[in-house]
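Notes to accompany the following structure.
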Amino acid sequence: MSTTPSSFESSDSEMFRPNRQLNKRVELVVKIIFATFALVSVATTIGIVLTLIFETVGFFQEVSLLKFLSDKAWTPLFPNPKFGIFVLISATFLTSVIALMVALPLGLLAAIYLSEYASSGIRRWLKPALEILAGVPTVVFGYFALMVVSPRLRDCIDLINWGIAFIGRVIPFIPESFAIPELKGFNALSAGIVLGIAIIPMIASLSEDAIYAVPNSLRQGAYALGATKRETIIGVVIPAALSGIVASFVLAVSRAVGETMIVSIAAGQNPTLGLNPLVPVMTMTAYIVQVSLGDTPAGSLAYKTIFSVGMTLFLLTLALNIFSFWFVRRFREKYD
């Protein structure tokens with residue numbers, strides 16, 4: 001009995017035809033499931049935005065936008081309420097700037113070391129160890145700032161003031177006004193420092209990925225021209241990875257602006273207008289936590305202030321993310 005190739009082909013096609021139809025049905029089901037997940041995330045985002053808009057509109061029907069932007073105090077729970085949002089914005093700005101002053105240099109230097117100097121063995125265990133910080137609960141960071149960092153800062157300030165007083169006795173023309181004011185128990189300085197420690201893994205990890213992605217041919221070209229390793233990193237590698245590094249910075253800023261527990265525990269809940277890091281302040285997220293404890297009646301003006309502050313916070317982080325997206329698209333380096 002002889003068989004021809006055509007008979008084999010026909011039998012194979014008959015054998016695999018049901019499987020192909022089944023595979024197409026499975027692929028269709030998978031596509032529907034994935035599309036549903038994507039639509040759920042989009043719908044959730046739209047729902048959050050619509051909720052913020054709806055409640056914020058209700059807030060501005062009772063409080064004028066001019067008062068919201070011009071008042072110099074934030075006391076919506078007082079008998080004579082004030083709604084100066086810049087009081088909360090200034091505190092958020094202060095803690096975020098302190099955090100970035102800590103996180104940007106440490107995170108970038110850590111990224112440069114991991115990418116350019118560390119051996120593969122050290123990099124294999126040091127990078128995950130650094131990223132463990134991202135898994136520490138922020139409430140732990142908050143109590144660390146309150147119970148450990150603030151007392152140590154107070155001791156340092158007392159030592160500095162003692163040194164200034166001692167020098168003032170030797171050199172009479174040194175005024176006592178050089179002395180640093182007393183550090184309060186709740187303060188923006190310790191909250192900002194610990195917040196900076198908390199966002200170091202984000203900057204270090206994202207910047208290290210951007211630096212590591214720079215083609216090795218650029219480094220070799222710089223070495224061929226006689227550049228040292230330091231000159232190559234500063235003059236070639238960092239500019240080539242600049243878009244990714246700036247993107248990590250902007251994402252870290254968004255993370256610092258939106259942080260809740262660290263600033264709520266360590267910075268205090270005293271709405272103070274100004275940029276003094278030694279006194280208690282109240283950030284936007286800290287205010288949301290304070291009013292969201294359950295004592296505020298739903299639908300009241302104080303309840304609506306949560307959403308007005310949340311909308312302000314949303315717009316700030318949205319602007320930062322849009323700037324990050326634009327910067328990456330504008331200055332991204334492409335290599336063949």
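The values are calculated or read from the model by the stated rules, or taken from the named source; none is laboratory data. Keep in mind it's a predicted model, so treat the numbers as computed, not measured. For neighbour counting, all protein chains shown are included, and Cβ atoms are generated from backbone atoms with ideal geometry for every residue, glycine included. These area figures cover heavy atoms from the full protein model, side chains too; ligands, DNA and RNA do not enter into them. Shrake-Rupley method; radii C 1.70, N 1.55, O 1.52, S 1.80 Å.
Does the stretch 211-224 contain at least one residue that is among the aromatic types (Phe, Trp, Tyr), at pLDDT 85 or above and over 25 Å from the mean Cα position of the chain (by Cα)?
Within the stretch 211-224, one or more residues are among the aromatic types (Phe, Trp, Tyr), at pLDDT 85 or above and over 25 Å from the mean Cα position of the chain (by Cα).
Each row is one residue, and each column tells you yes or no for (1) surrounded by 13 or more Cβ atoms within 10 Å (Cβ to Cβ); (2) among the small types (Gly, Ala, Ser).
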{"position": "Ser207", "(1), (2)": "yes, yes"}
{"position": "Ala213", "(1), (2)": "yes, yes"}
{"position": "Ser217", "(1), (2)": "no, yes"}
{"position": "Tyr223", "(1), (2)": "yes, no"}
{"position": "Gly226", "(1), (2)": "no, yes"}
{"position": "Ile234", "(1), (2)": "yes, no"}
{"position": "Pro239", "(1), (2)": "yes, no"}
{"position": "Gly244", "(1), (2)": "yes, yes"}
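Would you check which residues across the stretch 53-80 are within 27 Å of the chain's Cα centre (by Cα) and within 13 Å of Ala302 (Cα to Cα) and list them?
Matches in the stretch 53-80: Glu55, Thr56, Trp74.
For residues that are among the polar types (S, T, N, Q) and either closer than 23 Å to Glu182 by Cα or over 21 Å from the mean Cα position of the chain (by Cα) (or both), scanning just the stretch 253-273, find the one that is surrounded by the most Cβ atoms within 10 Å (Cβ to Cβ).
Filtering the stretch 253-273 for residues among the polar types (S, T, N, Q) gives 254, 260, 264, 269-270, 272.
Among the residues that remain, those that are also either closer than 23 Å to Glu182 by Cα or over 21 Å from the mean Cα position of the chain (by Cα) (or both) are: 264, 269-270, 272.
Details: Ser264: 22, Gln269: 16, Asn270: 13, Thr272: 18.
Filtering the stretch 253-273 for residues that are among the polar types (S, T, N, Q) and either closer than 23 Å to Glu182 by Cα or over 21 Å from the mean Cα position of the chain (by Cα) (or both), the one surrounded by the most Cβ atoms within 10 Å (Cβ to Cβ) comes out as Ser264.
List, please: which pairs have Cβ atoms under 8 Å, are six or more places apart or on different chains, and start with a residue in the stretch 289-316 that is under 17 Å from Lys82 (Cα atoms) and end with one that is part of a helix (DSSP H, G or I) and of a type in the set (Asp, Glu)?
What qualifies is Lys304/Glu55; Ile306/Glu55; Phe307/Glu55; Ser308/Glu55.
Phe186 versus (1) at pLDDT below 90; (2) more than 30 Å from Leu69 (Cβ to Cβ): which is the lone unmet condition?
(2)
Is at least one residue of the stretch 80-95 under 28 Å from Ile238 (Cβ atoms) and either among the hydroxyl-bearing types (Ser, Thr, Tyr) or surrounded by 20 or more Cβ atoms within 10 Å (Cβ to Cβ) (or both)?
Within the stretch 80-95 (the criterion being under 28 Å from Ile238 (Cβ atoms) and either among the hydroxyl-bearing types (Ser, Thr, Tyr) or surrounded by 20 or more Cβ atoms within 10 Å (Cβ to Cβ) (or both)), the answer is yes, since at least one residue qualifies.
Does the stretch 181-203 contain at least one residue that is among the basic types (Lys, Arg), part of a helix (DSSP H, G or I) and open to solvent by 40 Å² or more (accessible area, probe 1.4 Å)?
Step one: list which residues in the stretch 181-203 are among the basic types (Lys, Arg), which gives 184.
Still in the list and also part of a helix (DSSP H, G or I): none.
Taking every residue of the stretch 181-203 in turn, none turns out to be among the basic types (Lys, Arg), part of a helix (DSSP H, G or I) and open to solvent by 40 Å² or more (accessible area, probe 1.4 Å).
Looking at the stretch 136-156 only, could you name the residues that are basic (Lys, Arg) and surrounded by 13 or more Cβ atoms within 10 Å (Cβ to Cβ)?
Of everything in the stretch 136-156, just one residue is basic (Lys, Arg) and surrounded by 13 or more Cβ atoms within 10 Å (Cβ to Cβ), namely Arg154.
Answer yes if at least one residue in the stretch 307-316 is more than 20 Å from the chain's Cα centre (by Cα) and open to solvent by less than 40 Å² (accessible area, probe 1.4 Å), and no otherwise.
Taking every residue of the stretch 307-316 in turn, at least one turns out to be more than 20 Å from the chain's Cα centre (by Cα) and open to solvent by less than 40 Å² (accessible area, probe 1.4 Å).
Is there a residue being open to solvent by less than 60 Å² (accessible area, probe 1.4 Å), within 30 Å of Pro181 (Cβ to Cβ) and at pLDDT below 85 anywhere in the stretch 274-287?
Checked against the condition, which is being open to solvent by less than 60 Å² (accessible area, probe 1.4 Å), within 30 Å of Pro181 (Cβ to Cβ) and at pLDDT below 85, the stretch 274-287 yields at least one hit.
Just name the residue that is farthest from Leu278 (Cα to Cα) out of those in the stretch 110-135 that are under 21 Å from the mean Cα position of the chain (by Cα) and exposed (fewer than 13 other Cβ atoms within 10 Å of the Cβ).
At the first step, the residues of the stretch 110-135 found to be under 21 Å from the mean Cα position of the chain (by Cα) are 110-112, 127-135.
Now restrict to residues that are exposed (fewer than 13 other Cβ atoms within 10 Å of the Cβ): 128-129, 132, 135.
On the way: Pro128: 34, Ala129: 32, Ile132: 30, Gly135: 29 Å.
Going through the qualifying residues, I end up with Pro128.
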